[in-house]
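Remarks on the structure that follows.
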Amino acid sequence: MTIDDFLKQDSEWLRGMGPSSNIAISSRTRLARNIDKAPFSNWADKKQLEEVLNNIRDASLSTKFLKNAVFFRLKDLSEVDRIFLVERHLMSPEHAKDVEYKALIVDPKEIVSIMINEEDHLRIQVLQSGSNIKECWQIIDDLDTELSKILPFAYSAKWGYLTACPTNTGTGLRGSVMVHLPALVFAGQIGKVLQAIAKLGLNIRGLYGEGTEAAGNIFQISNQVSMGIIEEDIIDNIERIVNQVIFREDTTRKAIILKNKEALVDRVSRAYGTLKSAHIITSNETVALLSAIRLGVDMGIVKNLDRRMVNELFILTQPAHLQKLEGRPLDSNERDIKRADLIRKKLS
C-alpha cells in the first residue's frame with residue numbers, strides 16, 4: 001500500500017457512523033510513550049534518534065494490530081504528502097516539521113497510527129467515527145500492552161509514564177471527541193458552553209488540534225490532566241461531558257426548528273447554492289459553508305446528500321488533497337479554482 005492508496009478510501013473519522021454521529025464526528029485516544037534509558041527526542045543525537053526509530057518500527061510492525069501497516073519515513077515524502085497525512089488526522093502538524101529522523105506507521109484502515117520521534121518517541125493514536133471513545137481506549141490499551149512486552153517504556157513508580165512535556169506525564173493519555181456544534185453557534189450559546197467545558201477541566205481545540213481554530217463550527221474536546229487519575233476515569237469523564245454537550249446541541253437544533261426554522265433553512269439554502277455555483281472558493285469559506293450543509297443534512301433540510309458525502313468534502317477540499325487529486329503542485333488561486341470545480345461535480 002502506498003500513500004496514494006489512502007486517497008482512494010474514506011478516512012475512518014469521516015465515515016459518518018457510530019454513536020451520535022450527527023454531532024460527534026470522531027473520537028480519538030493518544031498515548032505518549034518513551035523508550036527507557038534513551039534521551040527524549042529533543043535531547044537525543046542523530047545516532048540515538050535513528051536507533052529509536054528503527055527499534056519502534058520493528059516492534060510496531062510485529063504486533064497483531066500493525067502487521068499489515070504502512071511505514072513512512074517522513075524525509076522520503078514530499079511536503080505535500082506530509083501535509084496530506086496531517087489533513088487525514090494521521091499525524092500532528094508538529095510531526096510534519098524537521099522530519100529527518102521522524103516516521104509514521106499507519107494501519108490500512110486508518111484506525112491506528114504511530115508517530116515516531118515527535119515530541120515523544122512514540123505517539124500512539126486510535127481514531128473511530130462517532131462518539132466512540134471507549135472503543136478507542138480498548139484498542140489503544142491492547143496495543144500498548146502488546147508493545148510494552150517488546151519495548152521497555154520509561155516509567156516511574158512515583159510519576160507514571162515519563163514524557164517530554166510534564167502535562168503528559170502519568171498515564172500519557174489524551175482522549176478527545178470532535179463535535180460539530182453549529183446550532184449552539186447559531187443560537188449564540190457557544191461561548192457559555194465552551195466556558196463550562198473549560199471549568200470542568202477539559203480543553204477545547206480546533207479541527208487540527210492544539211493551536212488551531214474551530215473552523216466550520218467543529219471543536220475538539222479533550223482532557224487536560226494525565227496524572228493522578230486512572231485511564232478509565234479519564235475516558236469516563238470525557239464521555240460524560242461530551243454527552244452533555246451533544247444533548248445541548250441536539251436540544252438547540254430542535255428549538256431552532258420550532259422557533260426559527262425559516263432563518264435556518266435560508267442559511268442552509270444559501271450555503272448550498274453558493275457551493276453549487278461557485279467557480280473560485282477558499283478553504284476557509286468552504287469549511288464554513290459545508291458546516292451549514294452538514295447541519296441541513298442532519299436536520300432533513302437537504303434531501304439529496306448524505307452525511308458521509310459532506311464529511312468527505314471536508315477533507316477532499318483541503319490544500320494537499322487537492323494537489324494529490326490533481327497530481328501536481330497548485331498555487332493558492334489554482335487550488336481555489338480546483339476546489340470549486342470539485343465541489344460542483346460532487347454536489348451535482
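For this structure, a couple of remarks:
- Test result for Leu295, touching a Pro at 6+ places or on another chain (Cβ under 6 Å), closer than 20 Å to Ala183 by Cα and crowded, with 18+ Cβ neighbours inside 10 Å: yes
- The set of residues in the range 296-348 being under 23 Å from the mean Cα position of the chain (by Cα) and of a type in the set (Ser, Thr, Tyr) consists of Thr317 alone.
- Being aliphatic (A, V, I, L, M), part of a helix (DSSP H, G or I) and at pLDDT 95 or above holds for only one residue in Ala288, Ala271, and it is Ala271.
- Answer from Asp98, Asp76, Asp58 - the residue that is free of Cβ contacts under 8 Å to residues at least 24 places away in the same chain, at positive phi and assigned by TED's automatic domain parsing to the domain that holds Cys136: Asp98
- So Asp306, is it outside the structural domain of Asn22 (by TED's automatic domain parsing), among the acidic types (Asp, Glu) and farther than 22 Å from Phe6 by Cβ: no
- Taking (1) closer than 18 Å to Lys345 by Cβ; (2) without any contact (Cβ under 8 Å) to a residue 24 or more places away in the chain in turn, Ile281 satisfies each apart from (2).
- Taking the conditions (1) more than 27 Å from Tyr161 (Cβ to Cβ); (2) surrounded by 18 or more Cβ atoms within 10 Å (Cβ to Cβ); (3) not small (Gly, Ala, Ser) in turn, Ile35 satisfies each one other than (1).
- In the range 17-50, the residues that are over 14 Å from Leu90 (Cβ atoms) and within 14 Å of the chain's Cα centre (by Cα): Ala24, Ile25, Ser27, Thr29
- Residue within the range 96-109 that is of a type in the set (Val, Ile, Thr) and out of contact with any strand residue (DSSP E or B) (no Cβ under 8 Å at 6 or more places or on another chain) present: yes
- Any chance Val268 is outside the structural domain of Ser92 (by TED's automatic domain parsing) and surrounded by 15 or more Cβ atoms within 10 Å (Cβ to Cβ): yes
Residue by residue, here is whether (1) in contact (Cβ under 8 Å) with a residue 60 or more places away in the chain; (2) of a type in the set (A, V, I, L, M, F, W, C); (3) over 17 Å from Thr274 (Cβ atoms) holds:
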| site | (1), (2), (3) |
| --- | --- |
| Lys303 | no, no, yes |
| Leu316 | no, yes, yes |
| Glu326 | no, no, yes |
| Leu342 | no, yes, no |
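- Residues in the range 75-119 that are among the charged types (D, E, K, R), closer than 18 Å to Asp58 by Cβ and touching a helix residue (DSSP H, G or I) at 6+ places or on another chain (Cβ under 9 Å): Lys102 only.
- Picking from residues in the range 275-285 that are in contact with a helix residue (DSSP H, G or I) (Cβ under 6 Å, 6 or more places away or on another chain) and part of a helix (DSSP H, G or I), the one that is surrounded by the fewest Cβ atoms within 10 Å (Cβ to Cβ) is Lys276.
- Failed criterion for Glu312 (all others in (1) outside any loop (DSSP other than H, G, I, E, B); (2) modelled with pLDDT of 95 or more hold): (2)
- Residues in the range 90-109 that are surrounded by 21 or more Cβ atoms within 10 Å (Cβ to Cβ) and under 12 Å from the mean Cα position of the chain (by Cα): Leu90, Met91.
The values are calculated or read from the model by the stated rules, or taken from the named source; none is laboratory data. For clarity, every value in this text was computed on a predicted model and none was experimentally measured. As a convention, Cβ positions derive from the backbone with ideal geometry for all residues, glycine included, and neighbour counts pool all protein chains shown.
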